[in-house]
1. Using alpha carbon coordinates only, what is the Rg to Rh ratio of the chain, with Rh defined as the Kirkwood radius?
2. Tell me which DSSP H helices of the chain clear both cut-offs, 20 Å or more of axial length from alpha-carbon atoms and a mean Kyte-Doolittle hydropathy of at least 1.0.
3. What is the log10 of I(q)/I(0) for region 246-315, computed with the Debye formula using one identical point scatterer on each Cα and no solvent, at q = 0.13, 0.20, 0.23, 0.28 Å⁻¹?
4. Compute the length gained on full extension between Leu28 and Asp44: take 0.36 nm times their separation in residues and subtract their Cα-Cα distance, giving the result in nm to one decimal.
5. Could you run the Debye sum over the Cα atoms of region 1-87, one equal point scatterer each and no solvent, and tell me log10 of I(q)/I(0) at q = 0.10, 0.17, 0.22 Å⁻¹, two decimals?
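Read-outs: derived from the displayed coordinates by stated rules, not from any lab. None of the values given here were measured: they were computed from a predicted structure.
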Amino acid sequence: MANDFLPVTTKFIYYFTGPLPFDVYIQLADDKYTKIYHKNSEHDPNQIYRYENKDLKILYVSNEEKNLFGSFLCELIDQFNTGKGTIDKAKMIDIMKTSLELTYEKIISENDELETNMQWATHQVKGALHLLEDDISSAIEVFKALAGDIQLLKHSYMVSLFSLVLAKKLGINNPKNLMNIGLGALLHDVGHTRVNKELFTKQNLTPKEWEEIKDHPQIGLKIVDFTKGISSDIRSIIMQHHEQYNGRGYPNRLNNSLIFPPAKIVAIADGFCSLLSKASYGDTQYSADQAIKMMKDDIGHYDPEFLNTFEMIIIGDKKKSARK
Ligand SMILES: [Fe+2]
Ligand SMILES: [Fe+2]
């Protein structure tokens, strides 16, 4: 029964004025839920205050209405993007986190709804672009907010944010191109969802296990193969994010001139986010400075010009915040 309901924080009800497009429940006992709001009817914020005073901070939405809830979150993201409503940056990070969790849960558990997932992901990337404006401080706030989340979700969104920052700094301003980079980055490791999870944290992989991991770009491509809204740019990013400037990457050992430039951007954001995260390197977690240094020392892996620009963003921003 518990699996039939999706927990949501009471905060979400405050974020929205007007009737909610889904029913809302409270949990009375382990397997007992009761409806407190009927969809499309006005809700009374005072009632929420009364629940909160009773220390009831989690409400529930039926799993059957998960899609309605997801679309509702997209609507909130749109409100933030267009400056309508009362969604500020802090609320937005909260909404984005929930929306991403929902999208990723669907990507992992279902195969047939990628089109809805893509529509949601598009809203998330639009939200990311709006959140980022021209600096990366929001990216760091999102990083903190996602701290407790599953690794793949956090990694994918962080790679998307850093890819967008780098793309903008490299002078890419066309909204369609930025959207493709953001979405490609969000989905770059979607193939991981079909690879044995234990391999990603295992030390000393056998050659066969390593080959299995190295299949994730092709697996990712297969997952998105028949999905509307997946442009060829997104496909190339998924397929090429582990190719290297010196031609030693995988799966096709493409060298510099053959690698799609947005895939080089995502490769840098990917390398950086992996070094920053504990899970990828056993217990070792590197600082931003160490990560950049290691990437620069790995001569030939990344596009050197792009990497220099990325260094300027990361180190430059740190200097700025140190002066504050
Ligand atoms: Fe990857
Ligand atoms: Fe990755």
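1. When Rh is taken as the Kirkwood radius, the ratio is 0.99.
2. Helices meeting the criterion: 261-276.
3. Taken in order of the listed q values, log10 I(q)/I(0) reads -0.37, -0.84, -1.05, -1.31.
4. 3.7 nm
5. Here log10 of I(q) over I(0) equals -0.25, -0.71, -1.14.
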